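The values are calculated or read from the model by the stated rules, or taken from the named source; none is laboratory data. No experiment lies behind these values; they were computed from the predicted model shown. Cβ placement follows ideal geometry from the backbone for every residue including glycine, while neighbour counts extend to all protein chains displayed.
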Amino acid sequence: MNSRLTPLAAALLGASVLAACAGMNARTAVYSQSALPAALQVPAGNRVAMETAATGLITYECRVKAGMAGQFEWVFVGPEAKLVDRSGKPAGRYYGPPATWESLDGSRLTATQVAVAPGMAGAIPLQLVKANPAMGAGVMQGVSYIQRVGTRGGVAPSTTCGQDNVGAKQVVNYSADYIFYKAS
C-alpha cells in the first residue's frame, strides 16, 4: 500500500484540520451552571456578560498564626494576573488587595465573597463573588456576580514557614477563568 497522500486526499485533510482549528476560536460557555456546586451557581436573572482567562501570580507571606504564638503559616497576600478574553485578546487585569478586576477601558470593581468550593487537587478553590458597584465607565458597569472556575495552581507554598523565615514572601503561579454576569 502506498503511504503517500494523493493531492486530493491531502487537500481534504488540510481543509478538515483548518475547519477544526477555526472551531476552536468559537465563543462557547465553558462552565455549565448545573455542573457547579449549588453554592457557586449565579442566581436566576443574571446572564454571562464576559468570560476571561487569568494567568498570574499569587503572593503568600510567612506569618505567626493569629492567636497562636509559636505557630506559623503562609498567609495569602494578593494576586496579580492578566485577563484575556476567549479569543486570547488582552481584556484587563486582576489584582489586590482588595480583589479588583480592571478592564482595559479603565472601569474596575471589587466584590464580596459569597461562596467557595474545592477546586482540583493543588488548586485554589472555586469562588462566587457579588460585585460592588463599578468605578469608571466601561464594561465593568452593571456586573452583578463573578465566578472563579477552572482554577489551576495558586495554593500556599509547601516550603517551611517558621520562626526563621517570618516575613518571607513566596510567589506561586496560578490560572483560572473569571466569568462575569450582569442582570438580565
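Per-structure values
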| item | result |
| --- | --- |
| Selection from the range 66-105 of residues that are in a strand (DSSP E or B) and hydrophobic (A, V, I, L, M, F, W, C) | F72, W74, V75, F76, V77, A81, L83, V84, A91, W101 |
| The range 67-103, subset surrounded by 14 or more Cβ atoms within 10 Å (Cβ to Cβ) and among the aliphatic types (A, V, I, L, M), residue farthest from the chain's Cα centre (by Cα) | V75 |
| Residue check for T59: modelled with pLDDT of 95 or more, of a type in the set (S, T, N, Q) and more than 26 Å from A38 (Cα to Cα) | yes |
| Failed item, numbered, when V116 is tested on (1) crowded, with 19+ Cβ neighbours inside 10 Å; (2) hydrophobic (A, V, I, L, M, F, W, C); (3) in contact with a Pro (Cβ under 7 Å, 6 or more places away or on another chain) | (1) |
| First in the range 39-60 and part of a loop (DSSP other than H, G, I, E, B), second anywhere and of a type in the set (S, T, Y) and buried (at least 19 other Cβ atoms within 10 Å of the Cβ), Cβ under 7 Å, 6 or more apart | V42/Y145; V42/Y181 |
| Looking only at the range 89-134, and only at residues there that are free of Cβ contacts under 8 Å to residues at least 60 places away in the same chain and hydroxyl-bearing (S, T, Y), the one that is nearest to L36 (Cα to Cα) | T112 |
| Hits in the range 120-164 (condition: part of a strand (DSSP E or B) and more than 15 Å from the chain's Cα centre (by Cα)) | K130, A131, M135, V143, S144 |
| Test set (1) surrounded by fewer than 15 Cβ atoms within 10 Å (Cβ to Cβ); (2) modelled with pLDDT under 95 - G106 fails condition number | (2) |
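Per-residue answers, yes or no, for (1) over 19 Å from L36 (Cα atoms); (2) surrounded by fewer than 16 Cβ atoms within 10 Å (Cβ to Cβ); (3) out of contact with any strand residue (DSSP E or B) (no Cβ under 6 Å at 6 or more places or on another chain):
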position: V139; (1), (2), (3): yes, no, no
position: T151; (1), (2), (3): no, no, no
position: V155; (1), (2), (3): yes, no, yes
position: G162; (1), (2), (3): yes, yes, no
position: K169; (1), (2), (3): yes, yes, no
position: D177; (1), (2), (3): no, no, no
position: S184; (1), (2), (3): yes, yes, no
